[in-house]
Amino acid sequence: MPRVDLVLSAQAPRLTDSNAVEAARSLFGVVAVAARDLGSERDRTFALEDRAGRPRAILKASNSSEDPEVLDMEAAAALHVTAVDPGLRLAVPWRAKEPRDTEPAGPASPGDDPAGLRAKWWGGDVAHWVRLYDVLPGQSAIDPGALDDAALIAWGETTARLGLALRGFSHPRAKRTMLWDVQHALLARRMLGDIRSRAQRQLVRRILDEYARTIVPVWSRLRAQVLHTDLTVENTLTDGAGLITGIVDFGDMSHTALLTDLASVLDSLAIGREGDEPFRLARLVLDGYQRRLELEELELGALGVLWAARSALTIAISSWRVAHGLEQEGFAERYDYAERARMIETILTVGWPEVAARLGAPAPAPDTGALAKRRAAAFGPTLEPLFYDVPLHVTAADGVWITDTHGRRHLDAYNNVPCIGHGHPRVSTAVARQNRRINTHMRYLHPAAIELAERLIALCPPGLDTVLLVNSGSEANDLAWRIATAVTGRRGGLCTAFAYHGITDATAALSPETWPEGPPPEHVETWEPPDPYRRTNLDPAGFAAALTRLSARGLPPAAAILDGLITSDRIADLGPGYVQELVRQTRAAGGLWIADEVQAGHARTGETMWAFERFGVIPDFVTLGKPMGNGHPVAAVITRGEIISQLQGHTTLFSTFGGNPVSTAAALAVLDVIDDERVLERVHATGRALRTALTDLAATHDTIGDIRIIGLACGIELVTDPATRTPEGARTRAVRDGLRHRGVLVGTTGRDGNILKIRPPLAFTTEHVPILVNALADTLTETDSTRSDSSLSSLSRSV
């Protein structure tokens, strides 16, 4: 074996019980009448007892190969942990007695010189370093099978606490090669011949092969620090409930991967469990661990192999020591080779991908076709169909890029929900931190919701001074509608002819885009918004007519609602005078005005935070949703206090999740990023660049009938002929699908489905514009060719 194994291959010190009693008296000033050998792998450890047989102290004699600087490191680490987390009970060494001392020096304190915490004992011609420790409370070597779920969770939490306490500790001798450290697992290949059981030898070899295949390539990417590395039932003391009351023996500590202690704990605790129980146990331990210290995806993916590697090391190292006379076979039986072999067999039977998934790592992506069938079976036929001719099976996203199961990245020019970019770290971190801290409702006092409300009010014109927090744009619009009907005593509503405002009963009635076949809701009238391309409906006459129709049915308006970008109708830049007249007519008829900012708000226009500000109007209600939490469900209604006060004494407003601290943390983070990244300015510049590039493209493709851009809301209308301006929905879908195959994602909108909807996250910048436009140019050219071929074929048949 290599020189690094001298510590494990050296003989244990030859101290007798009487030697231990004398060493304690002469070196530390502790008087005991007896010593009891506690057993140890490579050292000698004794419990020093008084006349009543009670342990007074623990004496440990290290073998002659131990480096005194390493022993000092162990002492320094224990003192460091005790100072950082006093709630963790560790075996702390005593100060050695000076010749002039008449009393024991007692346990060390942080700041003591570690070299003064050991003393030299001569056993014949061989010197051994001796240390003395306090007796910690609890029992040792418990049966791990007796631990209940609460104890398993607590073990995980204590493991994390120890790792956190050691995080700031360093020592020049920490980077060393210790066989028990799983980072050196492949050294166990040299021990395979010492494993007497052929079946166990084969299991250990398979684990080491998997370690070489999957762990070696990623080891340098795993978080690493100084750790105990041998945290097991043998090196802990526990109370009657199985909770750890003391941690001992830092003799194997080294600088290694953060997962190393977890692997030791799982190897130690899962013994004797069958079926799925080892994995259930592991998940509970991980629950406790991640209460304190969250693991990364890479770590979760590697943990199963490291757990199995630790079990393999236990079999290999102990077999080697027994084979070379370094350990008595009876003492080695504590490792229970057979049970560890069964544990390894269980892991191998489950399979590595499934093991990783059971421990919390992302599961391998299922087959796309099979998953689509499961989707259809689970959700039924009324769920909106999947986009694109070949469905996009996604696994991850970052900024403006979505990654599919083949690892291909797609430029996201469609999704406005992650408004500041997929997976923005400010939002992700805020959500995770707050969720670990507390998440509850607004019947308790918490500052986050209040701060969010105050900041939203500050972003609105005077008079909009009251905020109601809910969970989605549908809920926000529903609540605004309910309040409007309550305070006006009316129930008539107006919306644009192909609007979408939500999925609740009230908002679905205001969403003609999703109306089922049959007569429209009796209490709703629609108006056609302006079509700047065809120069129709440019004045508010259609709106006035809708008001008249409502009144004729005895349904005067409670409210009118408008998406300031008319995203579902066609995407268009409405004129301020036009909208001002709609608001005037609504209020003259006794109704209230709802500005639906779910799609148009949060800096989407690149000019103002809210689209309604561009029109110079002050709504009665402003509704927010989608982008407000960057993908986290949070929404709001902003209104006037004088409106809400009319409900006092009649009802109270409460949403279980509305305004919860986690959702409000997400919403606050979004507002911060919009400020810090100067999103309004970025959107304005990117929108201008996009307009220029698309205008140049339109000059070479006459099927582009019109381009309408407001900030980063863009509609590209495709037509069969620029003269007739006839919508071409089928080709628009073909262009959308063609873009998907070129790695760019867009949608379609409008009653005829002939408008490409480009509505990217606001992290979309000028560097992304050419990617989008070049892909669109190639796709249009391809579909132009297909269209020409189709026309020639039709002409040939007619001839």
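Limited to the stretch 97-106, what total is found for residues that are of a type outside the set (K, R) and either over 29 Å from L237 (Cα atoms) or open to solvent by less than 20 Å² (accessible area, probe 1.4 Å) (or both)? Before you say what the answer is, go through the steps one by one.
The first filter runs over the stretch 97-106 and keeps only residues of a type outside the set (K, R), leaving 98-99, 101-106.
Narrowing further to those that are either over 29 Å from L237 (Cα atoms) or open to solvent by less than 20 Å² (accessible area, probe 1.4 Å) (or both): 98-99, 101-102, 106.
So the count comes out to 5.
In this structure, is V431 hydrophobic (A, V, I, L, M, F, W, C) and touching a His at 6+ places or on another chain (Cβ under 8 Å)? Explain how you work it out, then say what you get.
On the way: hydrophobic (A, V, I, L, M, F, W, C): yes; touching a His at 6+ places or on another chain (Cβ under 8 Å): yes.
So V431 passes the test.
Could you tell me which numbered condition T466 fails, if it satisfies all but one of (1) under 28 Å from the mean Cα position of the chain (by Cα); (2) farther than 29 Å from W401 by Cα; (3) among the polar types (S, T, N, Q)?
So the condition that T466 fails would be (1).
If you check G163, G168, which single one turns out to be assigned to a helix (DSSP H, G or I), of a type outside the set (K, R) and at negative phi? Step through it out loud before you land on a result.
Values: G168 fails: assigned to a helix (DSSP H, G or I).
Result of the check over G163, G168: G163.
Among the residues of the stretch 32-78, write down those that are part of a loop (DSSP other than H, G, I, E, B), in contact with a strand residue (DSSP E or B) (Cβ under 8 Å, 6 or more places away or on another chain) and aliphatic (A, V, I, L, M).
Correct list: A32, V33, L38.
Step by step: first the residues of the stretch 121-155, then only those that are over 33 Å from the mean Cα position of the chain (by Cα) and of a type in the set (D, E), then the one that is least open to solvent (accessible area, probe 1.4 Å). Which residue is that?
Among residues in the stretch 121-155 that are over 33 Å from the mean Cα position of the chain (by Cα) and of a type in the set (D, E), the one least open to solvent (accessible area, probe 1.4 Å) is D134.
Take the residues in the stretch 38-63 that are open to solvent by 70 Å² or more (accessible area, probe 1.4 Å) and not hydrophobic (A, V, I, L, M, F, W, C); name whichever of them is nearest to W121 (Cα to Cα).
Going residue by residue through the stretch 38-63, those that are open to solvent by 70 Å² or more (accessible area, probe 1.4 Å) are 38, 51-52, 54, 56.
Pick out the ones that are also not hydrophobic (A, V, I, L, M, F, W, C) and you get 51, 54, 56.
On the way: R51: 24, R54: 25, R56: 20 Å.
Going through the qualifying residues, I end up with R56.
Mind counting the residues in the stretch 244-264 that are open to solvent by 10 Å² or more (accessible area, probe 1.4 Å), β-branched (V, I, T) and out of contact with any Phe, Trp or Tyr (no Cβ under 8 Å at 6 or more places or on another chain)?
Summing the residues that are open to solvent by 10 Å² or more (accessible area, probe 1.4 Å), β-branched (V, I, T) and out of contact with any Phe, Trp or Tyr (no Cβ under 8 Å at 6 or more places or on another chain) in the stretch 244-264 gives 1.
Of all residues in the stretch 650-669, count the ones that are part of a loop (DSSP other than H, G, I, E, B) and in contact with a helix residue (DSSP H, G or I) (Cβ under 9 Å, 6 or more places away or on another chain). Working first, answer last.
Residues of the stretch 650-669 that are part of a loop (DSSP other than H, G, I, E, B), as a first pass: 650-660.
Adding the requirement that they be in contact with a helix residue (DSSP H, G or I) (Cβ under 9 Å, 6 or more places away or on another chain) leaves 650-651, 653, 655, 657-660.
Adding up the residues that qualify gives 8.
Consider D230 against the criteria (1) over 35 Å from the mean Cα position of the chain (by Cα); (2) closer than 14 Å to T256 by Cβ; (3) of a type in the set (D, E): it satisfies all of them except one. Which criterion is unmet?
Unmet for D230, out of (1) over 35 Å from the mean Cα position of the chain (by Cα); (2) closer than 14 Å to T256 by Cβ; (3) of a type in the set (D, E): (1).
Search the stretch 673-685 for residues that are under 15 Å from E767 (Cβ atoms) and among the aliphatic types (A, V, I, L, M) and pair each with any residue that is part of a helix (DSSP H, G or I) and open to solvent by 10 Å² or more (accessible area, probe 1.4 Å) when their beta-carbon atoms are under 6 Å apart and the residues are at least 6 apart or on different chains.
So the pair list comes out empty.
Yes/no per residue for (1) modelled with pLDDT of 95 or more; (2) under 23 Å from the mean Cα position of the chain (by Cα); (3) within 17 Å of A600 (Cβ to Cβ); (4) not small (G, A, S):
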| residue | (1), (2), (3), (4) |
| --- | --- |
| H632 | yes, yes, no, yes |
| A636 | yes, no, yes, no |
| I644 | yes, no, no, yes |
| G658 | yes, yes, no, no |
| I709 | yes, no, yes, yes |
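Would you kindly identify the strands (runs of 3 or more DSSP E) lying entirely within the stretch 699-771 that contain at least 2 residues that are open to solvent by less than 20 Å² (accessible area, probe 1.4 Å) and over 18 Å from G421 (Cα atoms)?
704-710, 713-718, 755-758
When you check S568 against the structure, is it surrounded by 18 or more Cβ atoms within 10 Å (Cβ to Cβ) and either under 43 Å from the mean Cα position of the chain (by Cα) or not in a loop (DSSP other than H, G, I, E, B) (or both), yes or no?
yes
Can you confirm whether E728 is of a type in the set (D, E) and under 21 Å from D412 (Cβ atoms)? Break it down stepwise before answering.
Details: of a type in the set (D, E): yes; under 21 Å from D412 (Cβ atoms): no.
Against the criterion (of a type in the set (D, E) and under 21 Å from D412 (Cβ atoms)), E728 does not qualify.
Looking for something in a strand (DSSP E or B), modelled with pLDDT of 95 or more, of a type in the set (D, E) and within 26 Å of S568 (Cα to Cα) - is there at least one such residue anywhere in the stretch 405-412?
Scanning the stretch 405-412, I find at least one residue that is in a strand (DSSP E or B), modelled with pLDDT of 95 or more, of a type in the set (D, E) and within 26 Å of S568 (Cα to Cα), so the answer is yes.
The values are calculated or read from the model by the stated rules, or taken from the named source; none is laboratory data. Quick caveat, the model's predicted, so the values are computed rather than measured. Here Cβ is always computed from backbone atoms with ideal geometry, including for glycine, and neighbour counts include all displayed protein chains. Each accessible area value is taken on the protein alone, full model and side chains, heavy atoms only, with ligands, DNA and RNA left out. Shrake-Rupley method; radii C 1.70, N 1.55, O 1.52, S 1.80 Å.
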